[in-house]
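K.L.:
Sharing a structure, written as structure tokens. Questions coming.
The values are calculated or read from the model by the stated rules, or taken from the named source; none is laboratory data. Keep in mind that what you see is a predicted model, and the values were worked out from it rather than measured. Here the Cβ positions follow ideal geometry from the backbone for every residue, glycine too, while neighbour counts run over all protein chains shown. Remember, those area values only see protein heavy atoms, side chains included, never the ligands or the DNA or RNA. Shrake-Rupley method; radii C 1.70, N 1.55, O 1.52, S 1.80 Å.
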Amino acid sequence: MKSVKPGELERLSRLDPAVRFILLTGPDDATMESVAAHLIALAGKEAERVDLTSGQMAQDGALLAAEAASMSLFSPTRVIRLEISGGGDDCLAAVEALLGADSVLNPVIATGAAVTARSKLVKLVEGADNAVAAICYQPDRRALVGIAMEAAAAQGLRVANAEAQLLVDLVSGDQALMRREIEKIALYLDAGPDRQRQVTPADIAALGAATHEEDVSACINVALGGKLRDLPDMLAQAAAVGVAEIRIIRALAIRAMQLARLRAEVDAGAHPATVVAAKSSGIFWKERDAVTAQLHIWDSVRVARLMTRLLECERALKASGTAGAVLFRKLMTYIAHQAARAR
């Protein structure tokens, strides 16, 4: 099947039994996770969920097809959730086995933000008649304002266009954070489907997460911009206001994936400023100057190495018994040094 738009999947009222594998990828984590949650919900409230990783696929290429063909002992239905780390090559054999299996009972919903449109996995899915791929790009500002208003309405909040724009700016276009902010405002105003409340700029200012997001963005741009002198103070400031280290690492990973995608266009002959300014870039308007400068610094090879280091650091931060904080600061210093040398 050809690739579909994420919105097409979000509008589905039931899962197509002929589709065995749905792959969600792209730079917009929020849309990807939202669509995945919707598809999993379509399997039913009583469905058994089985979580698998690409690491397991690399170790056992038959596992995915076996799980997709197995009946649940406790629930009428099952749904398989596959989380893909990296480019997806380690899942290729497992997905091939799934698509070619004689019988499959359970759908597989896979997400992999680092899987690119040119990857072997996406090409495999696009060439199969029992699989679907959707690439999630960050909506433009107008679409984000609409998303904010719809999400607020679902929580019993009335949000005017100006307030919706304020919310979008507050979180720098981060959909996931925006939805959490809306939930927080609804709780604060005691709103609900049967208790409509009007949101004012004062409500947004009182509960806003701007400080945390500004510190995260600042850390990203200081590190990737090679601003070594500013890095210690920036990290100290982020720690002082309670920004988690893993939050910064994940934000850096999202930026690295954006740089990898945009860098491919630059390598093909496009100018960095033109690429970043395009609507399809997915770059929030406040970040365009910083990302343009970073595209001049980070070539494809450096970005690939950066993504590997970020993944290793995230794993270390999640694991127990590791010097996660030390590794985090070491990596941030390494990134800033690499950028300073390349400027």
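K.L.:
Does Ala336 satisfy the criteria of being out of contact with any Cys (no Cβ under 6 Å at 6 or more places or on another chain) and buried (at least 19 other Cβ atoms within 10 Å of the Cβ)?
P.N.:
Working: out of contact with any Cys (no Cβ under 6 Å at 6 or more places or on another chain): yes; buried (at least 19 other Cβ atoms within 10 Å of the Cβ): yes.
Taking the combined requirement at face value, the residue satisfies it.
K.L.:
Would you check which residues across the range 1-18 are out of contact with any Asp or Glu (no Cβ under 9 Å at 6 or more places or on another chain), surrounded by 18 or more Cβ atoms within 10 Å (Cβ to Cβ) and assigned to a helix (DSSP H, G or I) and list them?
P.N.:
Leu9
K.L.:
Being of a type in the set (A, V, I, L, M) and open to solvent by 40 Å² or more (accessible area, probe 1.4 Å) is the filter here; which residues of the range 177-200 pass it?
P.N.:
Leu187
K.L.:
Here is a follow-up. Identify all residues within the range 301-315 that are modelled with pLDDT under 85 and either touching a Ser or Thr at 6+ places or on another chain (Cβ under 7 Å) or surrounded by fewer than 18 Cβ atoms within 10 Å (Cβ to Cβ) (or both); write none if there are none.
P.N.:
Leu311, Glu312, Arg315
K.L.:
Considering only residues that are without any contact (Cβ under 8 Å) to a residue 60 or more places away in the chain and acidic (Asp, Glu), look in the range 19-57 and name the one that is surrounded by the most Cβ atoms within 10 Å (Cβ to Cβ).
P.N.:
This residue is Glu48.
K.L.:
Whether any residue in the range 303-315 is of a type outside the set (A, V, I, L, M) and at positive phi is what I want to check.
P.N.:
No, that holds for no residue.
K.L.:
Given the conditions (1) loosely packed, with under 14 Cβ neighbours inside 10 Å; (2) at pLDDT 90 or above, which single one is not true for Lys318?
P.N.:
Among (1) loosely packed, with under 14 Cβ neighbours inside 10 Å; (2) at pLDDT 90 or above, Lys318 violates only (2).
K.L.:
Is there a residue in the range 123-130 that is of a type in the set (Lys, Arg) and touching a residue at least 12 places away in the same chain (Cβ under 8 Å)?
P.N.:
no
K.L.:
Here is a follow-up. Kindly establish whether Val159 is open to solvent by less than 70 Å² (accessible area, probe 1.4 Å), within 23 Å of the chain's Cα centre (by Cα) and more than 30 Å from Arg329 (Cβ to Cβ).
P.N.:
No; evaluated as a whole, the condition is false for this residue.
K.L.:
Can you confirm whether the range 88-107 contains a residue that is of a type in the set (Ser, Thr, Tyr) and crowded, with 18+ Cβ neighbours inside 10 Å?
P.N.:
no
K.L.:
If I filter the range 121-139 down to residues being surrounded by fewer than 16 Cβ atoms within 10 Å (Cβ to Cβ) and not small (Gly, Ala, Ser), which single residue comes out as nearest to Leu15 (Cα to Cα)? It would help to see each step written out before you state the result.
P.N.:
Of all residues in the range 121-139, those surrounded by fewer than 16 Cβ atoms within 10 Å (Cβ to Cβ) come to 123, 126-127, 129.
Checking which are not small (Gly, Ala, Ser) leaves us with 123, 126, 129.
On the way: Lys123: 22, Glu126: 18, Asp129: 15 Å.
Step by step, filter the range 121-139, then rank; the result is Asp129.
K.L.:
Could you please find all residues in the range 140-153 being open to solvent by 40 Å² or more (accessible area, probe 1.4 Å), touching a residue at least 12 places away in the same chain (Cβ under 8 Å) and not in a loop (DSSP other than H, G, I, E, B)?
P.N.:
If the condition is that a residue be open to solvent by 40 Å² or more (accessible area, probe 1.4 Å), touching a residue at least 12 places away in the same chain (Cβ under 8 Å) and not in a loop (DSSP other than H, G, I, E, B), then Arg141, Met149 are the ones that fit.
K.L.:
List, please: which pairs have Cβ atoms under 9 Å, are six or more places apart or on different chains, and start with a residue in the range 70-92 that is touching a residue at least 24 places away in the same chain (Cβ under 8 Å) and among the charged types (D, E, K, R) and end with one that is assigned to a loop (DSSP other than H, G, I, E, B) and open to solvent by less than 60 Å² (accessible area, probe 1.4 Å)?
P.N.:
Arg78/Ala43; Arg78/Ala47; Arg78/Ser70; Arg78/Ser72; Arg78/Asn106; Arg78/Pro107; Asp89/Ser119; Asp90/Ile84
Residue by residue, here is whether (1) of a type in the set (A, V, I, L, M, F, W, C); (2) under 23 Å from the mean Cα position of the chain (by Cα); (3) surrounded by 21 or more Cβ atoms within 10 Å (Cβ to Cβ) holds:
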| residue | (1), (2), (3) |
| --- | --- |
| Ala202 | yes, no, no |
| Cys219 | yes, yes, yes |
| Asp233 | no, no, no |
| Ala236 | yes, no, no |
| Ile246 | yes, yes, no |
| Lys279 | no, yes, no |
| Trp285 | yes, yes, no |
| Asp299 | no, yes, no |
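K.L.:
Residue under question is Glu46, and the condition is that it be over 30 Å from Asp174 (Cα atoms), out of contact with any strand residue (DSSP E or B) (no Cβ under 8 Å at 6 or more places or on another chain) and modelled with pLDDT under 90; does it hold? I'd like the intermediate steps shown before the answer.
P.N.:
Details: over 30 Å from Asp174 (Cα atoms): yes; out of contact with any strand residue (DSSP E or B) (no Cβ under 8 Å at 6 or more places or on another chain): yes; modelled with pLDDT under 90: yes.
So Glu46 fits the description; yes.
K.L.:
Inside the range 162-175, can you point out the residues that are open to solvent by less than 40 Å² (accessible area, probe 1.4 Å) and aliphatic (A, V, I, L, M)?
P.N.:
Ala164, Leu167, Val168, Leu170, Val171 - these are the residues of the range 162-175 that are open to solvent by less than 40 Å² (accessible area, probe 1.4 Å) and aliphatic (A, V, I, L, M).
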